[in-house]
Structure formats: structure tokens, C-alpha cells
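No value in this document is a laboratory result; all are computed from the given coordinates. The model shown is predicted, which means the values in this text are computed figures rather than measured ones. Quick reminder, even Gly has a Cβ in these numbers, built from the backbone with ideal geometry, and neighbours come from all protein chains shown.
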Amino acid sequence: MQKTVRKAWTEFIQPLLYRPPQVQVAALPVRGKGKDKEVLLITSRGTGRWIIPKGWPMTGKTDAEAAAQEAWEEAGIKARKVSPAPIGSYRYAKSGAGGIVTPMQAMVYLLKVDTLAKKYPEVSERKRKWFSPEEAAQRVDEMGLKDLLLKL
């Protein structure tokens, strides 16, 4: 029994716990200023949780450009301006096929929203809604993202 537990620890659990996170890029869409500032959240495809648009870095694009591209595909955001450097990051666990959990780190880029398109690639797969930063922080699950939202 002890040999089985040790093998499970060294071959499965320990590598899962100690592997470095994979990096994604994320857009934090905002409009308005001061007390009128709002954040656009979207639902995830799998669970319907409230999240911000995010995805993988893209060859030929800066991370900021990739974040803006993800915002277009997932939320129909036509960006006015995206911050060239991340405003922060947050960690989360991504569940994959077979129940395998991968540690992730999302680098977050502030995205000033110009307009929202009615038609965009994932329109039938997600909902989108504007929230105050405080209400958005209450809707998301990731603590690091909550902190970023509350700092807006």
C-alpha cells in the first residue's frame, strides 16, 4: 500500500502540484470613467461562469494584440485601445479532458471598448453583460481577478 501511495505521489500528484503554470493572455474590457466605469464579462462555454475573454498567445501578434483578438472572437469587442503592458495577472486551474487540471496564469491587458458587434465568432456560445467593477468582482470566481477588478 505504501509503495502504491508513494508511486502515485511521485508520478502524478507531485508533478501536478509543482509544474509551472501555462500562460494565457486576457482582455479586461472597460468603458466609461469614474463612477460610470463598467466592465464587460462573458460566460465560459463549459460552465457558464462569468469570466473575461482570454486565450493563448498568437504567433505574429504581441500579447496585447492577442488579448484584443480573443476579446473580438469571444465577445464581439471592437477595441479602441489596448494597454501595451499587462495591468496584472491572476492564476486559476483549467480543467481539461479526463479531469486533468492544469495550472494557468492569465496576463491581463486593459481594453478600452469602442463598440460591440452584434455578430462575432462565438455569439451563439456565450452571453455578455456590463457590470460595475464591484459587481463584476462579485460574479467572478478567481481571487486574483477579483482583486484586479476592485482596483479599477
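Using a cutoff of 8 angstrom between alpha carbon atoms and counting only pairs six or more residues apart, the relative contact order for the range 21-150 works out to 33 percent. Taking every DSSP beta bridge that has both ends in the chain, the antiparallel portion is near 70%. The lysine pair count for the range 21-150, using Cα distances under 14 Å and pairs eight or more places apart or on different chains, is 11.
By the count of neighbouring beta-carbon atoms within 10 Å, fewest first, Asp36, Asp141 end up ordered Asp36, Asp141. Among the GluC sites (Glu not before Pro) within the range 88-152, those in coil by DSSP and having at most 14 neighbouring Cβ atoms inside 10 Å are Glu125. Each residue of the range 78-84 was assigned a 3J(HN,Hα) from its phi angle through the Karplus curve 6.51 cos²θ - 1.76 cosθ + 1.60 (θ = phi - 60°); the sequence is 9, 6, 8, 7, 10, 5, x Hz, with glycine and proline shown as x. Give the Rg/Rh ratio for the range 61-111, taking Rg as the radius of gyration of the Cα atoms and Rh as the Kirkwood radius, to two decimals. When Rh is taken as the Kirkwood radius, the ratio is 1.06.
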